[in-house]
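Structure, as structure tokens:
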Amino acid sequence: MSETARAVRAAKPYRTISAAALVRKLGPLLALLILCGALTGASDRFFTADNLLNILRQSSVNTLVSLGQLVVIITAGIDLSVGSILGLCCVLVALLMRSGVPPLPSVIAVISIGTILGAINGVLLTKLHLPHPFIPTLGMMNVARGLALVISSGFPISELPSGFRFLGAGTIGWVPLPVILVLMFCGAFHVFLSRTTVGRDVYAIGGNPQAARLSGVPVDARLILVYALSGLTAAAGAIILAGRMNSGFPLAGVGVELDSIAAVVIGGASFLGGVGTVSGTLAGALIMGVLRNGLNLLNVSAAWQTVVIGIVIVAAVWVDILRQRAAQKS
């Protein structure tokens, strides 16, 4: 080896992945595999093709909502309104079709409404200079849920067109259509976050918003965008849920905000911002789906399931804190 080659090699050492980064990347997948293995041993009904497809189908709504929650949490924000926006959009899409509007225009209208409601969260946060996204999204959570109850008079709107129901309950071959739609959204969000300038800006804002602003990043516009994306994915989840349930009901999405936050944090994102991946969030959403499915197969009551999910959320946040402390020490 020449002296020049040795000098270049010394100047550019091989990149190494820290233990913390490796755990953040592979931890959610490993946890998912361990959970699946434990439930396979606990119930002979778990590891069957029908049950696994059922898990994927039931996890599709939370996965979609979690993708929107991911981009918000990467900016060190939080969106508490996603469940209520989902419920409102679920009612609106059913009401539009019951009023004679064809399925496709109804879907487009509701996706637009969800996106606008999400964007309003971003506008309230940035233009009113509110101290934390907790405030506008909490307000929107109550407004959207109230509108859903008012518009529907508190009753579900059922008997939707068969063409629309295909979005939530149909299959292509043996694969449920919602699973295909979720994978498409995952691909789009992965490209957005990892391959675009706007996606890199989102990570920069979460890492240090002041530094991002000084470097020329339009922070307010990016924040409005990420909350709009969160509203969009909530509306998409509403469409799949309404199609699967064949109705739009005003209490749809209750608790979805907590499930989506848990999925994102379990997937390796940090409440402090600047960290998070689509693959991790997908694994986190599947962990939530597998856990609920396994508890049902083991005949655990709904009340105890809520307790278990709460413990999982606290544990996920605690692990995130430990990761942050480890990163600060290294």
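A few notes on this one:
- Any hit, the range 76-93, residues being over 17 Å from the mean Cα position of the chain (by Cα), surrounded by fewer than 19 Cβ atoms within 10 Å (Cβ to Cβ) and at negative phi: no
- Taken together, 237, 253, 231 contain a single residue that is touching a helix residue (DSSP H, G or I) at 6+ places or on another chain (Cβ under 6 Å) and modelled with pLDDT under 95, which is 253.
- Among (1) hydrophobic (A, V, I, L, M, F, W, C); (2) farther than 30 Å from residue 157 by Cα; (3) assigned to a helix (DSSP H, G or I), the one test that residue 217 misses: (3)
Table: residues versus (1) part of a helix (DSSP H, G or I); (2) farther than 21 Å from residue 86 by Cα; (3) in contact (Cβ under 8 Å) with a residue 40 or more places away in the chain.
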residue: 264; (1), (2), (3): yes, no, yes
residue: 269; (1), (2), (3): no, yes, yes
residue: 289; (1), (2), (3): yes, no, yes
residue: 326; (1), (2), (3): yes, yes, yes
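- Subset of the range 144-167 (residues that are assigned to a helix (DSSP H, G or I) and without any contact (Cβ under 8 Å) to a residue 60 or more places away in the chain): 146, 147, 150, 162
- Qualifying residue in the range 130-137 (condition: in contact (Cβ under 8 Å) with a residue 12 or more places away in the chain, within 18 Å of the chain's Cα centre (by Cα) and surrounded by 19 or more Cβ atoms within 10 Å (Cβ to Cβ)): yes
- If only residues of the range 94-108 that are surrounded by fewer than 19 Cβ atoms within 10 Å (Cβ to Cβ) and either closer than 13 Å to residue 248 by Cβ or of a type outside the set (Gly, Ala, Ser) (or both) are counted, the one that is farthest from the chain's Cα centre (by Cα) is 99.
- Looking across the range 24-33 at every residue that is more than 18 Å from residue 318 (Cβ to Cβ) and either aliphatic (A, V, I, L, M) or without any contact (Cβ under 8 Å) to a residue 40 or more places away in the chain (or both), the one that is surrounded by the most Cβ atoms within 10 Å (Cβ to Cβ) is identified as 32.
- When the range 176-191 is limited to residues that are over 15 Å from the mean Cα position of the chain (by Cα) and without any contact (Cβ under 8 Å) to a residue 60 or more places away in the chain, the one that is surrounded by the most Cβ atoms within 10 Å (Cβ to Cβ) turns out to be 177.
The values are calculated or read from the model by the stated rules, or taken from the named source; none is laboratory data. The model shown is predicted, which means the values in this text are computed figures rather than measured ones. Don't worry about glycine lacking a Cβ; one is built from the backbone with ideal geometry, like all the others, and counts go over all protein chains shown.
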